[in-house]
Every structure is written in C-alpha cells, then in structure tokens.
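The structure appears below as structure tokens.
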Amino acid sequence: MSQDERQIPVQVLPTAEAAAAPSRLNLFDLDREGMERFFAETLGEKRFRAHQIMKWIYHRHVTDFAEMTDVGKALRARLEESCEIRPPAVVFDKGSADGTHKWLLGMDASNAIETVFIPDKGRGTLCVSSQVGCGLNCQFCSTATQGFNRNLSTAEIIGQVWTASKHLGNRAHIERKLTNVVMMGMGEPLLNFDNVVRAMSLMRDDNGFGLANKRVTLSTAGLVPMIDRLSEVSDVSLAVSLHAPEDELRTSLVPLNRKYPIAELMDSCVRYAQRKPRTSITFEYTLMKGVNDRPEHARALARLMKKFDARVQRADAAKVNLIPFNPFDGTRFERPEDADVRAFQKILLDQQVLTMVRRTRGDDIDAACGQLKGQVMDRTRRQSDFRRKLEARGVSDAA
Ligand code: SF4
C-alpha cells in the first residue's frame, strides 16, 4: 500500500449509523460449542440446526437467513430478529502480479487491518491478524510502528478467513483454495487468547473451514505462560519468532525477550512439542544485514536447534524459517545479500537442521512479511491501556 493510500481515513461504518445499529448477536462470534448452546438454550432448537447454519455460513458463504432454504421459515424469522452474520467490510482489496492478494478490512469506524492470501504450489495460505496494531514493539516490524489499539473479536478474526474464502471461491471439503491459515498478521495472538482460540477452532471445525490441525499455525513472539496454556486447549501448529540465537541480541530486536529469555522460551517449546508429539515447531528468523546474519549467528542457531531436537528426542522437531528482511519506510534495518542468506542456510543444513528460506511474495502491494500495516486510529490512549494490562501480567518491561 502506498503512503497516500495509508492516509485515507477509514469510514467503514459511519459513527451515527454504528450508534443506531441494533445490537444483534453476530454468529461469527460463536464457535460450534457456542452455536449449539445458543440454539439449545436461547432458541430451544436441536444441535443439528446449529450445524446446518454453520454450513450455510462457512461452506456456502451465505449471510442472509432468507437464503437458508433447508431451515424452516419460522426459525429463519427468529434468527433474523435476534442475530446477524456480519463479516468485516472490505475497504479495498488488491492483487499482486504473483497471485498474492491483500484485503484492507474495516473493523470499526476508525480502524482497519490487513489480511493477505499467498498462493504457492498446491497450497493457498492466508495470513490473519489478531489485533489492531501491536504493542510488543519488535524493532524490525512495520506493525509495531503503529502502536496498539485493541484486540479483534472472534467475528473479526474468523471474518478475515470468511472474506478471503468467499473471494477465492473456496469450498471446504470439496475444492480447497485456502489450505492453510497462519496467525502471523498484525498483533500478538496469545495476548488475545480466547478470541484467537475460538476462531482457530472454527478454522478446523468440519462445519467451519475444516482445516487439519497442522494447517493452522499460531505465531508468537514468545509469551511463555501462554504457550503452555495453548498446549492445553488446542492442537494447532506453533511458530516462534526467534530472530536471534542469544539473549542480548534478541532483547535488542524483540523487547519481550527481557521478560522471557531464550532459555525459558525454549523450555516452553520443549513442553509444547512433548504434548503434541507429531508436530514440529517452526522458528522464524528474520535476517537483517549485519545484525543477525553472520556465520557465527548461524552456528549458534544450529546449536540451539540441535539441543531442542535432542531434548524432544526427535531429529526434525525444529524447523527454521529464514525470512530476508523486507524494508519499509523509516526502518534502520536492511535486507541481507542473497549470498549471505544462502550461506546462513547452508550452515544450518550442514548441521542437519531443516531450514527453509521464505520467498518474498506480494512485494508490489506491500504484502510481504513484516510489511502489514492497517489503519490504527486513537492508538495513544489504547496504547497506555494496553501497557497497564501488560503490567498486570508482569510483562511491562517488555512492551
Ligand atoms: S513482530 Fe509480531 S509481535 Fe512483534 S511487534 Fe510485530 S506484530 Fe507485534
């Protein structure tokens, strides 16, 4: 997105209209369990009615109860009265020459977030946001420059997947265009735990998007207690934003490391891998020229990964994803030379560490990794609220 586009004020829903809007339950906010409970307890209906409505929403992209022809007229009228199926508003969307597609989605009267679809051989991955902005202040991240505004609701998270799925003509279980979802967009997903877990359950539900557990990935900057909590309630794949193999350097790039240093982070990753024996953990490593891309960094990273494999007792428990830095306006970091990226990867591969280099996609629409930047208004007040909440969780020195 160009600088000019970024400055277009978002007026998705006029404030007066929003104020006048009746408060109906948005069914995007409910996972299967919530839908079943709502149908049983509020409507006095059988559970299968909830499943029927979910299939209309997630398999056929229908949001108008009148079109749900296998549901009786009386029930449709009651649903119309008390509920709605309201996806986020598309402010604009844009396709890249390489097939990448980006949506700017309005979340409320003044905030918007970005969602990106990245097609590749035999797979289609959607990168989904969990917060408006982010307060963790990773030094190399475009989102961080906007500060934090608020958490997204379950409806706003699953609504991103629904919008892309509808646009792509995705048909769950029949013709999948959308095969993977990564919670790697704007925000730290583990700081919006309940809404993210609920949305991820809809991604994997047979009546939802029906994706396999391993095809839904949550990426975290390393909130250790929340990684443990996630392992208790969900079977999704885990990606950890590591970016440095030792604490001093990592703290300078990811301030959260001050609170949860690498040893504690790796301990929690070992616990996660032991609870989910068949899944690998991906360690994301953004390569920045002259900062963390030297051979000594690669050797230290290889040692860390080998140690992790040994503790989990599996040769392929750790995967490394190298991401050459994508520069954005105002950043002090630079993209490394291709030869340095290849040399870094070779050191890891020579140590039998499974290592991929992420190809840059969607460069021409600013959809490359680390470039996501929506429109965040009123962030100052929210930022201080957020810091207070972090303080309550004991992570104030990280933000
Ligand atoms: S890298 Fe992720 S956690 Fe860090 S500031 Fe950016 S969005 Fe937040």
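Derivation of every value follows stated rules applied to the coordinates shown; laboratory data play no part. As the structure is a prediction and not an experimental result, all values here were calculated from the model. Neighbour counts are summed over all protein chains in view; Cβ atoms, including those assigned to glycine, are modelled from backbone coordinates with ideal geometry.
Considering only alpha-carbon pairs that sit under 8 angstrom and 6 or more positions apart, the relative contact order computed for segment 168-281 is 22 percent.
The DSSP beta bridges internal to segment 89-398 are antiparallel in roughly 45% of cases.
Between Ala212 and Asp350, the simple label model (points 7 Å from Cα in the Cβ direction) yields a spacing of 3.4 nm.
Each residue of segment 184-189 was assigned a 3J(HN,Hα) from its phi angle through the Karplus expression (A = 6.51, B = -1.76, C = 1.60, θ = phi - 60°), giving 10, x, 5, x, 9, x Hz with x at Gly and Pro.
Shape analysis of segment 63-216 based on the Cα gyration tensor places the equivalent ellipsoid semi-axes at 27, 20, 15 Å, largest first.
Counting other Cβ atoms within 10 Å as a rough exposure proxy, the listed residues Ser142, Ser153 run Ser153, Ser142 from fewest neighbours to most. Seen from a random direction on average, the alpha-carbon convex hull of segment 89-398 projects onto 14.8 square nanometres. What is the distance in Å between the Cα centroid of segment 120-190 and that of segment 31-83? Between the Cα centre of segment 120-190 and that of segment 31-83, the gap is 26 Å.
By the equivalent-ellipsoid construction on the alpha carbon gyration tensor, segment 27-84 comes out with semi-axes of 15, 14, 10 Å, ordered largest to smallest.
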